[in-house]
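This report refers to the structure that appears directly beneath it.
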Amino acid sequence: MAVPIIPVLALSAVMLGAVYKYIIHPLFFSPLRRIPAAHLSVPFSPLWILWIRQQGRQNRTILAAHERLGPVVRLGPREVSVNCVRGGLSTVYTGGMEKGEWYSNLFYNYGLPNMFSTNASKPHSTRKRMISNTYSKSNINSSAVLTAQTSIILYERFLPQLFKTFSAQLTETASVLNIYALISAVTMDIVTGYIFGLSASSNLTSNTASCSHFLDLYNGRRSYNFWPQELPGVTRWARKLGIRLVPEFVDAANDEIEAWALSMCDKAAIALEQSSEEKKAGENPISLADTPVVYGQLASALVKESQKEVQKDLNGDPNHPDVAGECQKSLRLTISSELLDHLAAGFDTSGITLTYLVHELSQRRELQSALRAELLTLSPPLLPSSAPVIPDAKALDVLPLLHAILWETLRLHPAIPGPQPRVTPAGGCSLGPDPGFWVPGAVRVSASAGCLHANESVFKKAGSWKPERWLEVDGESRKEMDRWFWAFGSGGRMCVGSNLAIYQMKYIVAAIYSNFATSIVDDSGIEQEDAYTAPPKSDKLMIQLERV
Ligand code: HEM
């Protein structure tokens, strides 16, 4: 029987091509072949790193690979991890590499992008310019609105909850407090208060049932991120075949959270509208605490930007009565996508950090006393008798022990310890300290706070929580510690809310430790999740309060 020569030749060519692409090229020609591989299979296939991620072992595996192989390691055929400042953070993040699809796969809201999930630099910086001043250190530390909001949240919600728990402890009707949930509630209230104004924002601190419901919704989705984020195509195809890799309740939770954020946006819009009418009528406009600072700024910047477009559609008439209305309507979800991201990024990370701060302090009675002594030097101190006045934000900010305790917690327990992926530019780049490895374009590259903060040559006894390291060291060693400290990221995509985060975390710590001592009742499951954002595995830290 004659062999059909053309199909055989075609098949052979395809097979040879595959052997070249998947074996010969990675072994002998790929510029990435010189980078130490975290696993034997990584030059040929991404399956190993996908498996590690799916199993929730990525952070510890990447850290172990860096400890074994040095500051640049290869994680997949087109994926590299860096763990150095020179040729690492400076090239990838300060160098402004774009984000790639990893963020847009998961962090769109209502199907719409926001600053965090926008890949390209240009639309990102346009959006960032619109709002970054509302989060600048000088605005945060001198904002009368934020002061009014913080005073109400701390004196009328947070401290009463702590005192209520303390009294219940005395009568033994309740002996323990899940401080993770209460802190998440208060960080949510401060962040949404600043974004939407107090009357339009959340009150999870006083409302424990709403807080539990929200945390269940929010945290219940966590373990299903892998599929849509790493394998969006597979997730879509599986769905078409009737297989749900992400259960239905995750979609329902997303819908509920989106609806909740949208309702806060709508309330903020109404408050602003009423305020401008009252202003026109010569009446008192909106109260300080009810001012929606971030919403107001973002909405007005976006409306201004889109007015030109809408005007074009309305035959160029700038006075057409529909211009403002059309803009508001078309921007409702765009604004909410942005602000839902801020509130999520803002409450979760600060809540995680403070939970670990309380956990560490609860094991050190003497340090709590030293911190309390420092906090009581504030004028006025954060005691119920000082209400409604809160200590000055700048005075709070410069307390050295408080700062060292917060910084050390952010170092050892970064809320985002996992890789923050970027994509190398089309022309390629060199990665790693001299001489570095040349890497072509379109390669996924990331650094991780969890790995950078574990560097023993910068942070002695890196595995121990030692706030004194931030007090005892200065000069070049301190500068080096600052260069490797990466809890908020760096470069153009660094955390835009870091000043608000520091502000609220310091006030919350001051509220707790000016009034109480804490001790651990149950810290089972306190280990951080091995994930991009890393809350305690158990979502709880049970503590007891003691009045001081
Ligand atoms: C302890 C508290 C916080 C920590 C540790 C933290 C950490 C980070 C990190 C590491 C990034 C960069 C992530 C990446 O590129 O993958 C980031 C970005 C971001 N954070 Fe935070 N964050 C905190 C609090 C906040 C707060 C309070 C807000 C706002 C209210 C906020 C809003 C954002 C936003 C909008 C981005 C995206 C910035 C951009 O892409 O330009 N964060 N944060």
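Among the residues of the range 400-437, just one is of a type in the set (Asp, Glu) and either at pLDDT 95 or above or under 15 Å from the mean Cα position of the chain (by Cα) (or both), namely GLU408. Looking only at the range 86-112, which residues are of a type outside the set (Ser, Thr, Tyr) and open to solvent by 30 Å² or more (accessible area, probe 1.4 Å)? Across the range 86-112, the qualifying residues are ARG86, GLY95, GLY96, GLU98, GLU101, ASN105, LEU106, PHE107, GLY111, LEU112. When ILE52 is tested against (1) farther than 23 Å from LEU340 by Cβ; (2) not in a helix (DSSP H, G or I), exactly one condition is not met: (2).
So which residues in the range 9-53 are at pLDDT 95 or above, open to solvent by 80 Å² or more (accessible area, probe 1.4 Å) and out of contact with any strand residue (DSSP E or B) (no Cβ under 9 Å at 6 or more places or on another chain), if there are any at all? Answer for the range 9-53, where residues must be at pLDDT 95 or above, open to solvent by 80 Å² or more (accessible area, probe 1.4 Å) and out of contact with any strand residue (DSSP E or B) (no Cβ under 9 Å at 6 or more places or on another chain): LEU40, TRP51. For the range 505-548, the set of residues classified as closer than 30 Å to CYS84 by Cα and under 18 Å from the mean Cα position of the chain (by Cα) consists of MET505, LYS506, GLN528, GLU529, ASP530, ALA531, TYR532, THR533, ALA534, PRO535, PRO536, LYS537, listed by residue number. Within the range 228-251, residues that are of a type in the set (Phe, Trp, Tyr) have Cβ atoms under 9 Å from residues that are open to solvent by less than 60 Å² (accessible area, probe 1.4 Å) and assigned to a loop (DSSP other than H, G, I, E, B) in these pairs: PHE249/ARG221, counting only partners at least 6 apart in sequence or on another chain.
Quick one: in the range 180-202, of everything that is within 15 Å of ALA511 (Cβ to Cβ) and among the β-branched types (Val, Ile, Thr), which residue is surrounded by the most Cβ atoms within 10 Å (Cβ to Cβ)? This residue is ILE190. Looking for whichever is over 26 Å from CYS495 (Cβ atoms), among the aromatic types (Phe, Trp, Tyr) and not assigned by TED's automatic domain parsing to the domain that holds SER142 here; the options are TRP438, TRP407. Which one fits? After applying the criteria, what remains is TRP438.
If you go through the range 92-109 and pick out every residue that is part of a helix (DSSP H, G or I) and touching a strand residue (DSSP E or B) at 6+ places or on another chain (Cβ under 6 Å), you end up with 1. Here the strands (runs of 3 or more DSSP E) wholly within the range 396-511 that include at least 1 residues being away from the ligand (no atom under 16 Å from the Cβ), touching a residue at least 12 places away in the same chain (Cβ under 8 Å) and farther than 28 Å from TYR194 by Cβ are 429-431, 437-439. The single residue among SER379, SER369, SER350, SER336 that is in a helix (DSSP H, G or I), polar (S, T, N, Q) and surrounded by fewer than 18 Cβ atoms within 10 Å (Cβ to Cβ) turns out to be SER369.
Checking each residue in the range 113-149 for being open to solvent by 20 Å² or more (accessible area, probe 1.4 Å), near the ligand (Cβ under 9 Å from one of its atoms) and part of a loop (DSSP other than H, G, I, E, B) picks out PHE116, THR118. Within the range 279-300, not a single residue is under 20 Å from LEU215 (Cβ atoms), open to solvent by less than 20 Å² (accessible area, probe 1.4 Å) and out of contact with any strand residue (DSSP E or B) (no Cβ under 7 Å at 6 or more places or on another chain). Residues that are of a type outside the set (Gly, Ala, Ser) and more than 28 Å from the chain's Cα centre (by Cα) were ranked within the range 239-252; the one that is most open to solvent (accessible area, probe 1.4 Å) is LYS240. Figure legend. Inter-residue proximity from the range 347-358: first residues near the ligand (Cβ under 8 Å from one of its atoms), second residues at pLDDT 95 or above and not in a helix (DSSP H, G or I), beta-carbon distance below 6 Å, spacing 6+ or different chains. Indicated pairs: THR349/ALA415; ILE352/ALA415; ILE352/PRO535; THR353/ALA415. Please enumerate the residues belonging to the range 253-275 that are open to solvent by 50 Å² or more (accessible area, probe 1.4 Å), at pLDDT below 95 and not hydrophobic (A, V, I, L, M, F, W, C). Scanning the range 253-275 gives GLU273, GLN274.
Does VAL73 satisfy being in contact (Cβ under 8 Å) with a residue 40 or more places away in the chain, β-branched (Val, Ile, Thr), part of a strand (DSSP E or B) and more than 12 Å from the ligand (Cβ to nearest atom)? Criteria not met by VAL73.
The values are calculated or read from the model by the stated rules, or taken from the named source; none is laboratory data. Bear in mind that the values here come from a model prediction, so they are computed numbers and not experimental data. Virtual Cβ from ideal backbone geometry, glycine too; neighbours counted across all protein chains shown. For accessibility, only protein heavy atoms count, side chains too; no ligands or nucleic acids. Shrake-Rupley method; radii C 1.70, N 1.55, O 1.52, S 1.80 Å.
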